[in-house]
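Structure below; questions to follow.
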Amino acid sequence: MTIGGSTIAAELAAIAPWPDRAPPIDAAERHRRLEAARAATERAGAEALLVGAGPSLRYYTGVTWSPTERLVALLLPVNGRPRIVCPMFERGSLEAELAIDADLLLWEEDEDPTALVADTLCPGATLAVDPLLTYGTVRRLGGSLAVIDAAPIIDGARMVKSPAELALIAQAMAMTLTVHAHAARILTPGIRASTVRRFIDDAHRAIGAAGSTFCAVQFGRATAFPHGLPGDQVLEEDQLVLVDTGCLVDGYHSDLTRTYAFGKVGDDIHATWAVEQEAQAAAFAAVRPGEPAESVDAAARAVLVRAGLGPDYRLPGLSHRTGHGIGLAIHEPAYLVRGDRTPLAPGMCFSNEPMIVVPDRYGVRLEDHFHVTDDGAAWFTPPQPSIDRPFG
């Protein structure tokens, strides 16, 4: 597929629902997750694990709720049945979504749910606490319990994806890449960024997602700002286009960026695009199980330095990390950045996006994701082949 030459109506009509959907996470996998969490909690010296609402609660229980001021959490003892802490008035909604067999610890609006958690455990027991719980919640728990950080337990599990998780991420990535290709076809001089964003949201719905989880559409100078500029841009002839978007499949994220020329762009932009492509490829080639995450970032930066960019985080060059973990959260540990020495392991999933910024002029970001294999890495989506033909 090429750039421009079509219409919104024609491209939406050409999108069919995804035909071969990956199976959702099943009960057996959730049971394995809970048992692994129990074992890790015991190794950490704690009697129980507390996991708050958000991606980690979904990982263990299937409950998709976001955190609010009311405590909703999984209390998982090393020995005994899982318990879900939840406001009494939310019981029906919770039971409709809960995907594990668990007891309920329900609390009324005038009760302190942290006291309910503490009363469930022995006085002075050690509780491993989700690092994303609020400070106030942890402080109150610490009044009667010994509290430790559960990040090694939770992040250690979520960083390494199962085959079922990899299949869901692969589907989400493939769907978004298809949407990207259709979006490029609707570009025309005078089109607004907001119109492209609406199309991408509609296209994600047409292909079988619940719309876009996010969408950035940047033209010309705005591409020099990694997260864009305020306002609703209008596309002009001979501008650089950067589009970054994603969707969800059973809670698992996609996140893909394409940067390409609408018409003709300068030789300097072509040269920078080629360096970006080389840096992305170098990062991919550097992936080896057992190597620290930061080594992938270093490989990308070495390409930029050889091209006279940087060094380090200086501009023109790469001002942010090369990549982030992805799964039930769009950004999650580990990170491809200097200082993150997490050993790479098969099943880990990362973005690969060593964006080059030329301040106040333009930026080039090519973003695809890979998962670590036994002997290197495997792409979820094929990288962009050229600046003029972004989809081959």
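The values are calculated or read from the model by the stated rules, or taken from the named source; none is laboratory data. Everything numeric in this text was worked out from a predicted model, so none of it was measured. Cβ: placed from backbone, ideal geometry, glycine included. Neighbour counts: every protein chain shown.
So if I check each of GLU35, GLU11, GLU29, which one is of a type in the set (Asp, Glu), at negative phi, surrounded by 17 or more Cβ atoms within 10 Å (Cβ to Cβ) and part of a helix (DSSP H, G or I)?
The match here is GLU11.
Considering only residues of the range 138-149 that are in contact (Cβ under 8 Å) with a residue 24 or more places away in the chain and touching a helix residue (DSSP H, G or I) at 6+ places or on another chain (Cβ under 6 Å), which is surrounded by the most Cβ atoms within 10 Å (Cβ to Cβ)?
In this case the residue turns out to be LEU145.
Hey, among PRO316, PRO311, PRO359, which residue is in contact with a Leu (Cβ under 6 Å, 6 or more places away or on another chain), surrounded by fewer than 17 Cβ atoms within 10 Å (Cβ to Cβ) and over 26 Å from CYS247 (Cα atoms)?
Residue meeting the stated conditions: PRO359.
Which condition number does THR257 fail, the rest of (1) closer than 24 Å to LEU328 by Cα; (2) in a loop (DSSP other than H, G, I, E, B); (3) within 22 Å of the chain's Cα centre (by Cα) being met?
(2)
Taking the range 1-54 only, how many residues are more than 24 Å from the chain's Cα centre (by Cα) and of a type in the set (D, E, K, R)?
6
Give me the residue from the range 205-263 that is touching a Pro at 6+ places or on another chain (Cβ under 7 Å) and either within 30 Å of ARG158 (Cα to Cα) or modelled with pLDDT under 95 (or both) and, out of that set, surrounded by the fewest Cβ atoms within 10 Å (Cβ to Cβ). It would help to see each step written out before you state the result.
Of the range 205-263, the ones touching a Pro at 6+ places or on another chain (Cβ under 7 Å) are 207-208, 224, 235-237, 250, 258, 260.
Retained after the next criterion (residues that are either within 30 Å of ARG158 (Cα to Cα) or modelled with pLDDT under 95 (or both)): 207-208, 250, 258.
Working: ILE207: 18, GLY208: 16, ASP250: 20, ARG258: 23.
Going through the qualifying residues, I end up with GLY208.
Under 9 Å between Cβ atoms, at least 6 apart or on separate chains: pull out the pairs that start in the range 113-127 with a residue that is in contact (Cβ under 8 Å) with a residue 40 or more places away in the chain and farther than 14 Å from LEU71 by Cβ and end on any residue that is of a type in the set (D, E, K, R) and part of a loop (DSSP other than H, G, I, E, B).
Once the first residue is in contact (Cβ under 8 Å) with a residue 40 or more places away in the chain and farther than 14 Å from LEU71 by Cβ and sits in the range 113-127, its partners that are of a type in the set (D, E, K, R) and part of a loop (DSSP other than H, G, I, E, B) give LEU121/GLU47; CYS122/GLU47; ALA125/GLU47; THR126/GLU47.
Something else: Looking at (1) assigned to a helix (DSSP H, G or I); (2) hydrophobic (A, V, I, L, M, F, W, C); (3) under 23 Å from VAL265 (Cα atoms), which is the only condition ALA300 fails?
(3)
Find all pairs meeting these conditions: Cβ atoms under 9 angstrom apart; at least six residues apart or on different chains; first residue within the range 157-172 and closer than 9 Å to VAL249 by Cβ; second residue among the charged types (D, E, K, R) and surrounded by 22 or more Cβ atoms within 10 Å (Cβ to Cβ).
Here the result reads LEU168/LYS161; ILE169/LYS161; ALA172/ASP255, each pair linking the range 157-172 to a residue that is among the charged types (D, E, K, R) and surrounded by 22 or more Cβ atoms within 10 Å (Cβ to Cβ).
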